[in-house]
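S.K.: Below is the structure I would like to discuss, written out as structure tokens.
The values are calculated or read from the model by the stated rules, or taken from the named source; none is laboratory data. As the structure is a prediction and not an experimental result, all values here were calculated from the model. Please note: Cβ atoms are built from the backbone with ideal geometry, for glycine as well, and neighbour counts cover all protein chains shown. These accessible areas exclude ligands, DNA and RNA; they are computed on the full protein's heavy atoms, side chains included. Shrake-Rupley method; radii C 1.70, N 1.55, O 1.52, S 1.80 Å.
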Amino acid sequence: MISPKIEKALNQQVILEAESSQIYLAMASWAEVEGLNGIAEFLYTHSDEERVHMLKLLKFINERGGHGIVPTLKAPPHKYKGIRELFQEVLDHEIHVSDEINKMVDVCLKEKDYTTHNFLQWYVSEQIEEEALARKIMDKLKLIGDDRAGMYIFDRDITSLDGGQGPGKNGNK
Ligand code: OFO
């Protein structure tokens with residue numbers, strides 16, 4: 001059984017994962033409209049995976065005697081200045097998610113909730129991968145600069161940057 005404090009923290013994380021899914025979905029749609037089909041595919045996959053992260057949390061809360069709450073979400077931005085700005089936002093967002101997960105891990109230790117602590121380790125590993133992938137993308141974009149041919153190749157190859165499995169391939173998702 002989870003304590004009300006842990007339940008609240010987990011439900012906060014449900015909101016964050018659902019928001020992540022929405023943000024990446026909006027990014028994917030923008031990229032698709034811009035004719036960047038590889039980037040769009042990558043972001044659609046990322047959006048789906050964030051929804052799975054949300055679902056895992058929701059089910060865990062219910063399994064542990066709490067109530068997973070489906071949140072109301074604010075609309076994400078519809079437009080982006082460019083590819084670099086978009087992926088910088090992805091990186092910043094993932095860093096924020098990692099910070100929040102780390103805070104939750106800390107709460108679990110303070111509350112001596114070792115079951116939830118154990119459950120959260122999957123998210124800790126996932127965030128290491130997601131941040132690394134976002135940094136790798138930013139490094140490539142810096143190399144490309146304003147080279148249009150480079151951007152064409154980047155869009156063509158982005159889905160294979162992580163071995164073609166999409167972001168968040170950390171084990172049993
Ligand atoms: Fe990338 O946020 Fe989920 O964990």
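S.K.: So if I check each of E129, E100, E49, which one is within 12 Å of the ligand (Cβ to nearest atom), touching a Gly at 6+ places or on another chain (Cβ under 6 Å) and charged (D, E, K, R)? Outline the logic, then answer.
M.R.: On the way: E129 fails: touching a Gly at 6+ places or on another chain (Cβ under 6 Å); E100 fails: touching a Gly at 6+ places or on another chain (Cβ under 6 Å).
Of E129, E100, E49, the one residue that is within 12 Å of the ligand (Cβ to nearest atom), touching a Gly at 6+ places or on another chain (Cβ under 6 Å) and charged (D, E, K, R) is E49.
S.K.: Please verify whether G66 is within 24 Å of V124 (Cβ to Cβ) and either free of Cβ contacts under 8 Å to residues at least 24 places away in the same chain or in contact with a helix residue (DSSP H, G or I) (Cβ under 8 Å, 6 or more places away or on another chain) (or both), treating the condition exactly as stated.
M.R.: Working: within 24 Å of V124 (Cβ to Cβ): yes; either free of Cβ contacts under 8 Å to residues at least 24 places away in the same chain or in contact with a helix residue (DSSP H, G or I) (Cβ under 8 Å, 6 or more places away or on another chain) (or both): yes.
Answer is yes for this residue.
S.K.: Something else: From the list L57, L36, L10, pick out the single residue that is closer than 16 Å to E130 by Cβ and modelled with pLDDT of 95 or more.
M.R.: Details: L36 fails: closer than 16 Å to E130 by Cβ; L10 fails: closer than 16 Å to E130 by Cβ.
So the residue among L57, L36, L10 that is closer than 16 Å to E130 by Cβ and modelled with pLDDT of 95 or more is L57.
S.K.: Would you please name the residue that is most open to solvent (accessible area, probe 1.4 Å), looking only at residues in the stretch 132-158 that are of a type outside the set (A, V, I, L, M, F, W, C) and within 16 Å of the ligand (Cβ to nearest atom)? Spell out how you get there, then give the answer.
M.R.: Going residue by residue through the stretch 132-158, those that are of a type outside the set (A, V, I, L, M, F, W, C) are 135-136, 139-140, 142, 145-148, 150, 152, 155-157.
Next cut, within 16 Å of the ligand (Cβ to nearest atom) only: 135-136.
On the way: R135: 104, K136: 87 Å².
Per the stated criteria, the residue is R135.
S.K.: Next question, about the same structure. So, in the stretch 40-61, how many residues would count as being open to solvent by 10 Å² or more (accessible area, probe 1.4 Å) and closer than 18 Å to W122 by Cα?
M.R.: Matching residues across the stretch 40-61 total 10.
S.K.: Could you grab me the full set of residues in the stretch 19-39 that are open to solvent by 10 Å² or more (accessible area, probe 1.4 Å), over 10 Å from the mean Cα position of the chain (by Cα) and hydrophobic (A, V, I, L, M, F, W, C)?
M.R.: L25, A26, W30, V33, L36
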